[in-house]
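**Student:** One structure is given below, represented as structure tokens, and several questions about it will come after.
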Amino acid sequence: MTSASGVVLLACVGLVGCATLDAGPPDTAYQATLGEVAVVATEQSPTLGFHGFAHGKGEGALTGAGGTFAACLSGGGGGCSGAACGAALLVILGLCGVAGLVGGIAGAAEAPDASVAAASEAHLAQAVEIRTVQAALRDQVSAAALLRGARLRDVPPALAQEAAATGDYRSFAAFGVDSVVETGLVEAGTRGSGINAPVGVHLRARVRVLATADDGERLVADYLYQGRHRTLAEWAADDGRPLKTELEAGYRALGEHIYEQVFELLPLPDRRAHSAGGALSTAFGLAPISPPTRGQLSGESVLGDILEWTAVDTLRPTLRWQAFPRASDVALAPAEMARVREVSYDLVIAQEMHQAPERIVYRRQGLPAPEHRLETALEPGTRYFWTIRSRFRLDGRSRLTEWGSTRALDGDSVVAPSAFAYRFRTTKTAF
């Protein structure tokens with residue numbers, strides 16, 4: 001499949017998340033010299049933005065009389081561990097102040113002034129242990145790294161806290177640490193607008209990789225998790241448990257993604273847009289061949305169903321995509337691509353809800369060829385997101401490419417599957 005970079009501007013029209021190439025690929029040369037690694041959490045407070053929840057007269061109010069966030073307001077989240085603590089504290093910090101102020105008011109006219117809500121949230125931010133929120137993300141990255149055999153080292157907690165506060169990690173060298181992976185949650189909450197419109201969970205983390213020898217930065221990158229979309233009433237059900245559960249899932253997925261991107265990513269040499277099957281559809285990364293994908297143009301409608309989601313008439317479709325390395329990758333990095341060995345592919349498929357991935361329904365790792373017929377059936381009359389990446393060995397090390405996406409690879413690295421993944425739909429008569 002040939003490059004289509006000349007039509008990127010046209011193809012971006014109407015596409016959600018389409019971006020121009022303005023940052024360049026991350027430099028991953030540091031991976032060869034990581035050595036013994038310490039994973040450390042920052043102690044900065046994340047910016048909270050729970051949009052769609054009542055923050056003022058223009059945004060509506062929480063519904064229900066008193067009990068919606070009762071457990072949260074009474075210190076819910078006790079007895080948690082790992083990511084669950086971080087998720088529970090985000091709910092407390094981001095929602096309890098608002099819920100307490102609103103007090104079960106059902107109408108926007110009686111919602112508190114935005115400045116009052118902001119002051120309450122600021123007060124709560126001082127009272128809540130932000131360290132737990134950040135430690136939860138660090139723990140998820142560490143767990144993923146240990147599972148893959150990375151060489152991690154511990155340092156005394158007091159030393160880690162002091163170094164995180166000052167940004168100076170040279171003292172870690174005395175404990176046999178060669179590199180530091182510093183993780184920090186910088187944004188958390190929900191994204192969306194309108195009264196009782198679907199809003200999605202949003203987590204953004206910033207990661208720095210530093211060498212203890214000179215405290216020099218080897219990598220600074222942002223990683224983004226975009227989760228399920230729900231209405232306010234759906235997120236608030238059962239004392240806000242669905243929201244906490246989704247935030248906890250976001251921590252886990254973000255931690256895994258950070259590990260893969262920091263320790264194993266090899267950026268694709270060819271980062272230009274490739275044809276994904278139509279004039280207004282482009283792909284970055286390994287592009288889909290069958291079914292082709294389309295861009296988001298008109299949203300939730302019958303017309304959108306036809307224009308945005310390629311129809312397949314079987315519940316066990318055969319998916320095909322570009323093989324790695326592509327001819328364009330070889331042309332741009334011939335020596336490196338000649339050393340690629342043991343190529344396989346990872347595939348993930350998620351069911352759609354509210355124009356976003358709802359849940360992963362199919363996942364395969366290590367597929368030997370750039371095509372795969374599903375082994376289990378999908379649902380008829382249903383929309384799906386899907387994406388693929390390559391897994392291989394280079395110079396004896398396990399490496400991964402980016403997930404295929406309709407979004408340029410040189411923006412924030414987004415956890416897959418996302419709304420930027422490829423898309424198709426099964427027909428109601430599919431079999």
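The values are calculated or read from the model by the stated rules, or taken from the named source; none is laboratory data. Just so we're clear, the structure is a prediction, and the values are computed from it rather than from any experiment. Every residue, glycine as well, gets a Cβ built from its backbone with ideal geometry; the counts of neighbours run over all protein chains shown. What goes into the accessible areas is simple: the full protein's heavy atoms, side chains included, and nothing from ligands, DNA or RNA. Shrake-Rupley method; radii C 1.70, N 1.55, O 1.52, S 1.80 Å.
**Student:** Could you please put 428, 244 in sequence from largest to smallest accessible area, using a 1.4 Å probe?
**Tutor:** 428, 244
**Student:** Could you order 270, 154 by accessible surface area, starting with the largest, using a probe radius of 1.4 Å?
**Tutor:** Reading off the accessible areas and sorting them downward yields 154, 270.
**Student:** How much accessible surface does residue 204 have with a 1.4 Å probe, in Å² rounded to 10?
**Tutor:** 30
**Student:** Mind grabbing the accessible area of residue 220 for me, 1.4 Å probe, Å², rounded to tens?
**Tutor:** Number for this one is 80 Å².
**Student:** Now, a different point. Considering only protein heavy atoms, with the full assembly of protein chains and a 1.4 angstrom probe, order 229, 51, 257 by accessible area, largest first.
**Tutor:** Sorted by accessible area, descending: 51, 229, 257.
**Student:** If you wrap a convex hull around the C-alpha atoms of the range 235-292 and split its volume per residue, what is the figure in Å³?
**Tutor:** 138
**Student:** With no solvent and one equal point scatterer placed on each C-alpha of the range 383-431, evaluate the Debye formula and give log10 I(q)/I(0) for q = 0.12, 0.25, 0.28 Å⁻¹, two decimals.
**Tutor:** At q = 0.12, 0.25, 0.28 Å⁻¹ the computed log10 ratios are -0.38, -0.93, -1.03.
**Student:** What accessible surface, in Å², does a 1.4 Å probe find on residue 354, ignoring ligands, DNA and RNA and rounding to the nearest 10?
**Tutor:** Rounded to the nearest 10, that gives 60 Å².
**Student:** Right, another one. How much FRET efficiency would the formula 1/(1 + (r/R0)^6) give for residue 371 and residue 36, where r is the Cβ-Cβ distance and R0 is 60 Å, rounded to 0.05?
**Tutor:** After rounding to 0.05, the efficiency reads 0.90.
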